[in-house]
Structures are given as structure tokens and as C-alpha cells.
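Worksheet: the structure to be examined is printed underneath.
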Amino acid sequence: MDESVLKGNTAILKCHIPSFVSDYVFVISWLQDDGHEILADGGPYDSKYLVLPSGELHIRDVGPEDGYKSYQCRTKHRLTGETRLSATKGRLVITEPISSRAPTLSSDVRSTTIEKHLTHGVTLLCQAQGFPTPSFR
């Protein structure tokens, strides 16, 4: 699916997995239309592209060039080992900010409580967009 984002902000593309297989399928990579593959288990955290543990593709500092690419997710079935490429491709719709815009949060943001062991990693998303680009801490 297409995702709207302000230039300079962060975009997050979601792989839409049908609910009847979501317990058995996970994202292993994202494929750009130029053939570049972004692996779920192999990217530096300071990279422009990062596949989050949830399978979403995190694209940092979006620029006009990112609007020319399309993205597909590749999934793997936990039991059969079968891999599949999504049937549809998603694109970024990039908007050039014209004036200041206060940060806004994604409409699907909700409060969540997370409990993890100290030895396990945690990914916290803050899907805010604005101009100038919001900072996070």
C-alpha cells in the first residue's frame, strides 16, 4: 500500500499479511523495484533502511528520490519454510512542506505497555511527522 510522508521525515511501510496466516508467517526482507533487497536480519541501525522486528520497513530522511521506488515484502512460513513475495507493491507519496507544520502522530498510534527481559531488545516507534522534522529522545 502507498504511504504518505513529508519530505525529510521517516516513512514506515507495513507488510499486509492475511490474519489467517499471520501466526505462521514473518517478514524476512523487503525488495525494491531495482532489485535491491533489504534484509530483516542484516542492516546497520544507522542505515537509511531498516526492517523492524515487527516486519515493517523503516525509511529514514525521505527525499524525492524515494518516491520513484516501489517496495514489496518477502515473507517466510515458519512451518513449511516457503517464501513468498507480496502480490502488490507499495510506494511513498512524498509531500514537500510549504510552511511550518506541528508534529502529528499516525492515526493508529495507541498506548501500549511493554514488559521484556533485560536480555531482549525492544523497538519503540514514534510515528510523528512535521516540518521542521521532529526530533525524538
> Conditions: (1) surrounded by 15 or more Cβ atoms within 10 Å (Cβ to Cβ); (2) more than 21 Å from Thr133 (Cα to Cα); (3) under 16 Å from the mean Cα position of the chain (by Cα); (4) not aromatic (Phe, Trp, Tyr). Val25 meets all but one. Number of the miss?
Replying inline: (3)
> Val62 is checked against (1) open to solvent by less than 40 Å² (accessible area, probe 1.4 Å); (2) assigned to a loop (DSSP other than H, G, I, E, B); (3) touching a Phe, Trp or Tyr at 6+ places or on another chain (Cβ under 8 Å); (4) modelled with pLDDT of 90 or more and fails just one. What number does that condition carry?
Replying inline: (3)
>> Given (1) open to solvent by less than 70 Å² (accessible area, probe 1.4 Å); (2) more than 30 Å from Ile98 (Cα to Cα); (3) among the hydrophobic types (A, V, I, L, M, F, W, C), identify the lone condition not met by Leu79.
In response: (1)
>> Going by what's in this entry, would His36 be described as in contact with a strand residue (DSSP E or B) (Cβ under 6 Å, 6 or more places away or on another chain) and either within 28 Å of Thr133 (Cβ to Cβ) or of a type in the set (D, E, K, R) (or both)?
In response: no
> Only one of (1) more than 29 Å from Pro132 (Cβ to Cβ); (2) among the aliphatic types (A, V, I, L, M); (3) surrounded by 12 or more Cβ atoms within 10 Å (Cβ to Cβ); (4) free of Cβ contacts under 8 Å to residues at least 40 places away in the same chain is not met by Ile17, so which one is it?
Replying inline: (4)
> Just for the range 1-14: of the residues that are touching a Ser or Thr at 6+ places or on another chain (Cβ under 6 Å) and in a loop (DSSP other than H, G, I, E, B), which one is surrounded by the most Cβ atoms within 10 Å (Cβ to Cβ)?
Replying inline: Asn9
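The values are calculated or read from the model by the stated rules, or taken from the named source; none is laboratory data. Predicted model, so just to flag it, every value in this text is computed and none were measured. All Cβ positions, even for glycine, are placed from backbone atoms using ideal geometry, and neighbour counts span all protein chains on display. These accessible areas exclude ligands, DNA and RNA; they are computed on the full protein's heavy atoms, side chains included. Shrake-Rupley method; radii C 1.70, N 1.55, O 1.52, S 1.80 Å.
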